[in-house]
Amino acid sequence: MSKYMINTWEPESPAFWGSGGSSTANRNLWISIPALALAFAVWMVWSVVVVNLPAIGFQYSTNQLFWLTALPGLSGATLRIFYSFMVPIFGGRKWTTISTASLLIPAIGIGFAVQDVTTGYPTMLALALLCGFGGGNFASSMANISFFYPKAQKGYALGMNAGLGNLGVSAVQFVVPLVITGSVFGALGGDSQSATKAGHTTTLWLQNAGFIWVPFIVVSSLLAWFGMNDLASAKASFADQAVIFKRKHNWLMCWLYTGTFGSFIGYSAGFPLLIKTQFPDVNPLQYAFLGPLVGALARVIGGIISDKLGGARVTVWTFASMIAAVYGVITFLPHGGTGGNFNGFFWMFMLLFAGTGVGNASTFRMIPVIFLTERQRAAAGQPAAVQQQAIVDANKEGAAVLGFTSAVAAYGAFFIPKSYGTSIAMTGGPDAALWCFIGFYVSCIAITWWCYARKNAAMPC
């Protein structure tokens, strides 16, 4: 038996939690967070790279650029479906190491591809798809951390892991514009490129957008291998976990989490290019990182608030604020190629990002509570052993649902940027896409209120 395997894990026991359980859980959490942040950085790196490709000589249409922005979302969401079930099969420590190390492939690949303007568009599409490795990591990371914490602290733990992990999106949109302006790696990093923007020629090292993450990925992989743990109680086959597909609440929470996390990651991916297309006189990379930053920090706060007020109540009000924010975005957009107010547009998006962050935490807080309540209701009045097994089963189901809902929601990283591109191509502006988003949020409010938030709801949480 590996020294990294923990055979007895009882986070709901105060004695166990106080005698070392808490410190072990926190150590795994704080190794998981930077690994997840790197995963998000690699997943979203194309949101920054595409803005610079035309300037260094790549001849791609606006629609092609939106495809490069959207494809990591498509592959990342699809990989999350599989990653959702990997922790109980392989173990959290092993899978975190493998999945983090896999980020080296797209990071290095992008670094070489952007140095040659003759690199074919199919190659760029393949690299965009490979960035989905970063998107997949979220499902397994959240499932893994959920096993370590008791019910009363799951909102905090999942909020910290996801919220600080989400900072990788902001980090990539802040760091990349800085590191591509200098020869960070010297001769090892390759030659510079000449970039022409608005008639001005500058020098860029766009390859640094990929290469800058390589040393951090290596260190994070080693930390995961030598510092994390596997839990014997978390072991389960795919067949054991597949029971979630029969659970009504799995599918309802997929819908709701698509409204929160799907919005966060989709808006993050499309924000820089949306600014560039709607406000061409504004440098999008000066502002793009702020949205994901606000959303990530709001997620941390949202987890704490949801532990106190209940996830469902917070979720209802979050969707209401998001509807107001999207309407504000539409109001401040230019119409017919004229008008528009960038300041208003920007601040409405900040409100929107904050809403997605709080909603990410509140919906994820709902999931483990729903499944624990459901299993405990079924075991009520049964012997103590049956009730203890109900908690173990609930944790496994809840972890699988956390991963699976994150997989479905991650398709937002594809659909939102693609919706912008399609709406602009068909109508000349992104308004049609934004009105569709409002309609979706209305449906989310209705589901949350009826099933979870109203008085006498079947599953209050």
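The values are calculated or read from the model by the stated rules, or taken from the named source; none is laboratory data. Just so you know, these numbers come straight off a predicted model, no measurement behind them. Counting neighbours? That spans all protein chains shown, and the Cβs are built from the backbone with ideal geometry, glycine included. To get the accessible areas, we keep the full protein, side chains included, count just its heavy atoms, and leave off ligands, DNA and RNA. Shrake-Rupley method; radii C 1.70, N 1.55, O 1.52, S 1.80 Å.
Details
- If the condition is being open to solvent by 50 Å² or more (accessible area, probe 1.4 Å) and either touching a residue at least 60 places away in the same chain (Cβ under 8 Å) or closer than 18 Å to LEU36 by Cα (or both), then the range 61-76 contributes THR62, ASN63, TRP67, LEU74.
- Test result for LEU79, in contact with a helix residue (DSSP H, G or I) (Cβ under 6 Å, 6 or more places away or on another chain), surrounded by 17 or more Cβ atoms within 10 Å (Cβ to Cβ) and at pLDDT below 90: no
- Among the residues making up the range 197-246, those that are under 24 Å from the mean Cα position of the chain (by Cα), among the polar types (S, T, N, Q) and in a helix (DSSP H, G or I) are ASN208, SER220, SER221, GLN241.
- SER194 falls short on exactly one of the conditions (1) open to solvent by 10 Å² or more (accessible area, probe 1.4 Å); (2) touching a residue at least 40 places away in the same chain (Cβ under 8 Å); (3) part of a helix (DSSP H, G or I), and that condition is (3).
- LEU188 vs. criteria within 30 Å of ALA236 (Cα to Cα), open to solvent by 10 Å² or more (accessible area, probe 1.4 Å) and out of contact with any strand residue (DSSP E or B) (no Cβ under 7 Å at 6 or more places or on another chain): no
- Every residue from the range 120-153 that is in contact with a Leu (Cβ under 9 Å, 6 or more places away or on another chain), over 23 Å from LEU79 (Cβ atoms) and open to solvent by 10 Å² or more (accessible area, probe 1.4 Å): LYS151
- Positions within the range 313-335 being without any contact (Cβ under 8 Å) to a residue 40 or more places away in the chain, closer than 22 Å to LEU273 by Cβ and either surrounded by fewer than 18 Cβ atoms within 10 Å (Cβ to Cβ) or out of contact with any helix residue (DSSP H, G or I) (no Cβ under 8 Å at 6 or more places or on another chain) (or both), in sequence order: GLY328, THR331
- Of the numbered criteria (1) open to solvent by 50 Å² or more (accessible area, probe 1.4 Å); (2) touching a residue at least 60 places away in the same chain (Cβ under 8 Å); (3) assigned to a helix (DSSP H, G or I), the one ALA157 fails is (1).
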